[in-house]
1. Determine whether LEU148 is under 25 Å from the mean Cα position of the chain (by Cα) and in a loop (DSSP other than H, G, I, E, B).
2. Looking at ILE265, ILE297, ILE291, which is the one that is among the β-branched types (Val, Ile, Thr) and modelled with pLDDT of 90 or more?
3. Can you tell me which residue among VAL226, VAL244 is more than 16 Å from the chain's Cα centre (by Cα) and under 20 Å from THR20 (Cα atoms)?
4. If you go through the stretch 183-223 one residue at a time, how many are more than 17 Å from PRO135 (Cα to Cα) and either more than 15 Å from the chain's Cα centre (by Cα) or charged (D, E, K, R) (or both)?
5. Out of (1) at pLDDT 75 or above; (2) within 29 Å of the chain's Cα centre (by Cα); (3) surrounded by 14 or more Cβ atoms within 10 Å (Cβ to Cβ), the odd one out for ASP275 is which?
6. Look through the stretch 219-255, keep the residues that are aliphatic (A, V, I, L, M) and loosely packed, with under 13 Cβ neighbours inside 10 Å, and return whichever of them is farthest from GLY198 (Cα to Cα).
7. Could you figure out which of (1) surrounded by 10 or more Cβ atoms within 10 Å (Cβ to Cβ); (2) aliphatic (A, V, I, L, M); (3) at pLDDT 90 or above isn't true of ALA76?
8. Give me the residue from the stretch 114-143 that is touching a residue at least 40 places away in the same chain (Cβ under 8 Å) and part of a loop (DSSP other than H, G, I, E, B) and, out of that set, farthest from THR68 (Cα to Cα).
Amino acid sequence: MLTRRAKCAIVRRVFLIGGTVAAVTLALWQQSPLYRVESVDFANRQKEEPGWTGRRQEPLKDYVAGRTEGRLLHRADRAWLVVYEDLARDGQHRFFLPAWPPVNELAGAFEGDFTYIALECDGQTHYLGVTTWHPGDFPVAPAHLRYLWRRFASLVFLVGLLGYLLIPWPKRDPDAVAYARFTGALLPDLGLGMMFVGVFFALPWLIVSCQAGTSHPLILDGGWIVLTLILWGFCLFGLAIHAVAAWYEAWCIRIAGDHLVMESIRGVERVPFADIERLTHGVREPPRALIRAGLLISLLNWRAAGPTLLVASRSDPVLCLIARDGRRWTFGLTGIRNAERLIDVLQQAGIAVDPDPVL
């Protein structure tokens, strides 16, 4: 049965992880497709044709007919003419969302990624070129059109961060043995944990979306989904850090009259002094799986080699409560509060402290 302390620790990290993942998704999800519209001057294009093609000598009408064959739509709306006049004056292209007029008329009107629009005005025919734009295409569409949801990313992340910070934290009990909030929760959560989750969740959006020309990284074609799953797999290291931080936050030992109340993320256990045989101390080596994972990441990014070697060479002092029935409770001393109080109480209760730990 989860305690209130454990529930708060879990929900707190759901807010943080959910806010981080949602913010990255909103910030990097690209609108696809867009329409790129530009004015077309076939007279100048004909002059720039290579001489060996023979197209320079064609009548302009025949040249236009050959170039637009099978890819020509006729429009008479005033809105299209306004677009042409703006583009002809500026000499640049413009991007449109599919729902914007007048390009919203083109939905299903042409096959492929390109078509010409013919506009009749005052006995003259003007032409526009319309290209379907996808992520990764050049020229690059403006960011405010590509990333329609980006403006909400900061707000979503802030909600997640506030949820993490404002959910009630465990009260500081002067008689309870517990881990310091900064080293046990804030530092791993807002440092390594969020970095692993945020960075490795964002990488496929930056790499796959650009290379595969899609709005999201879950692409089966070309095997891109394999790269996405590998990079997202590294997010598990961040989730593991958050899980450990939740365990540290929920863990505490309360000292009662003749027993200890040991609370963890798994529940509460009452341990009478009469059941405790002795208290001893030792050192704890870092998990081998963590070191192997760090070495694997170092193959992708050499900067991870230094922190991995530092972790591999580190050993943390621990205390171990040994019960008469063989049960053991081990907890690290790094960042812990009131461990001296626990040792004094156990010694006063006649429990052997072997050897006497120096804190």
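The values are calculated or read from the model by the stated rules, or taken from the named source; none is laboratory data. Note that this is a predicted model, so its numbers are computed, not measured. No Cβ is skipped: glycine too gets one built from the backbone with ideal geometry, and neighbour counts run over all protein chains shown.
1. Against the criterion (under 25 Å from the mean Cα position of the chain (by Cα) and in a loop (DSSP other than H, G, I, E, B)), LEU148 qualifies.
2. ILE265
3. So the residue among VAL226, VAL244 that is more than 16 Å from the chain's Cα centre (by Cα) and under 20 Å from THR20 (Cα atoms) is VAL244.
4. 8
5. (2)
6. Filtering first and then ranking leaves LEU220.
7. Unmet condition: (3).
8. Filtering the stretch 114-143 for residues that are touching a residue at least 40 places away in the same chain (Cβ under 8 Å) and part of a loop (DSSP other than H, G, I, E, B), the one farthest from THR68 (Cα to Cα) comes out as PRO142.
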